[in-house]
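J.: Have a look at this one.
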Amino acid sequence: GAVVSQHPSWVICKSGTSVKIECRSLDFQATTMFWYRQFPKQSLMLMATSNEGSKATYEQGVEKDKFLINHASLTLSTLTVTSAHPEDSSFYICSARIRAGGVSYEQYFGPGTRLTVT
Amino acid sequence: KNEVEQSPQNLTAQEGEFITINCSYSVGISALHWLQQHPGGGIVSLFMLSSGKKKHGRLIATINIQEKHSSLHITASHPRDSAVYICAAPVGTAGNKLTFGGGTRVLVKP
């Protein structure tokens, strides 16, 4: 099956620093990647939709200047958390979408990145 | 009311038991995803189905488009099946966004 990787799997950083998280589709091309965050015992919350070669579309309430998304190629999207604060500590998950014909798209999830800001 | 609802929220089973998780949705969808999230957090895509039934190992997923209902079955459950199982459906005409159910926390005791 299709594999999506994320790097790093966990990161601890100091308040005020920036952290970059990579999402790669390993064996397929993903025209669209999605970034989610998940707080403990809560469901995934979509942060933004990233299309290759264009600007990301952010969900309401998500600060685009704080969460910078770059989708430079069909296999790589990055999420940079700028000037991180403890409240940004969360589990960040990406998913990548494969076109599977018609209007039905398969979507595969990465293993997630746990960010802790101290 | 959430557009995608799961039941039960929590489920405890003895090893070997047959487990069923239900997912109902209120909007028309093109496909439905079943995901598994282990305590460590990583998410695994189990199934994407738009009709009928799919099977992978001890996992079976069914969907009834007319009734807007899907089920995930685990046969001969094992402690390693303990995880949160989430159904999700794409919302919108382009299927860009997934709406997630609240998840079912499954605990299989040895």
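J.: Among the listed residues B:Asn22, B:Asn10, identify the single one that is open to solvent by less than 50 Å² (accessible area, probe 1.4 Å) and away from chain A (no Cβ under 11 Å).
T.: The unique qualifying residue is B:Asn22.
To keep it simple, each residue is scored yes or no on (1) within 14 Å of chain A (Cβ to nearest Cβ); (2) modelled with pLDDT of 90 or more.
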position	(1), (2)
B:Gly16	no, yes
B:Gly28	yes, no
B:Gln37	yes, yes
B:Val44	yes, no
B:Gly95	yes, no
B:Leu98	yes, no
B:Leu107	no, yes
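J.: State the number of residues belonging to segment B:29-78 that are in contact with a helix residue (DSSP H, G or I) (Cβ under 9 Å, 6 or more places away or on another chain), within 19 Å of B:Leu98 (Cβ to Cβ) and among the charged types (D, E, K, R).
T.: Residues flagged as in contact with a helix residue (DSSP H, G or I) (Cβ under 9 Å, 6 or more places away or on another chain), within 19 Å of B:Leu98 (Cβ to Cβ) and among the charged types (D, E, K, R) within segment B:29-78 amount to 0.
J.: Could I ask something else about it? How many residues are modelled with pLDDT of 95 or more, surrounded by fewer than 16 Cβ atoms within 10 Å (Cβ to Cβ) and either hydrophobic (A, V, I, L, M, F, W, C) or farther than 16 Å from B:Glu17 by Cβ (or both) when one looks only at segment B:57-92?
T.: The qualifying residues number 2.
J.: When residues of segment B:38-49 are filtered for being open to solvent by less than 70 Å² (accessible area, probe 1.4 Å) and either of a type in the set (Asp, Glu) or more than 18 Å from B:His73 (Cβ to Cβ) (or both), how many remain?
T.: 5
J.: Would segment B:53-64 turn up any residue that is within 11 Å of another protein chain (Cβ to nearest Cβ) and closer than 21 Å to A:Leu46 by Cβ?
T.: No, because not a single residue in segment B:53-64 is within 11 Å of another protein chain (Cβ to nearest Cβ) and closer than 21 Å to A:Leu46 by Cβ.
J.: Something else now. Do we find a residue being away from chain A (no Cβ under 14 Å), more than 16 Å from the chain's Cα centre (by Cα) and in contact (Cβ under 8 Å) with a residue 12 or more places away in the chain anywhere in segment B:68-78?
T.: yes
J.: Still on this model: Do you know which residues across segment B:93-110 are aliphatic (A, V, I, L, M), in contact (Cβ under 8 Å) with a residue 12 or more places away in the chain and open to solvent by 20 Å² or more (accessible area, probe 1.4 Å)?
T.: Passing the criteria: only B:Leu107.
J.: In segment B:93-110, what residues are among the β-branched types (Val, Ile, Thr) and more than 15 Å from B:Ser24 (Cβ to Cβ)?
T.: Listed by number, the residues that qualify are B:Thr93, B:Val106, B:Val108.
The values are calculated or read from the model by the stated rules, or taken from the named source; none is laboratory data. A quick note: this is a predicted structure, and the numbers were derived from the prediction, not measured. Here the Cβ is made from the backbone with ideal geometry for all residues, glycine too, and neighbour counts use every protein chain on show. Each accessible area value is taken on the protein alone, full model and side chains, heavy atoms only, with ligands, DNA and RNA left out. Shrake-Rupley method; radii C 1.70, N 1.55, O 1.52, S 1.80 Å.
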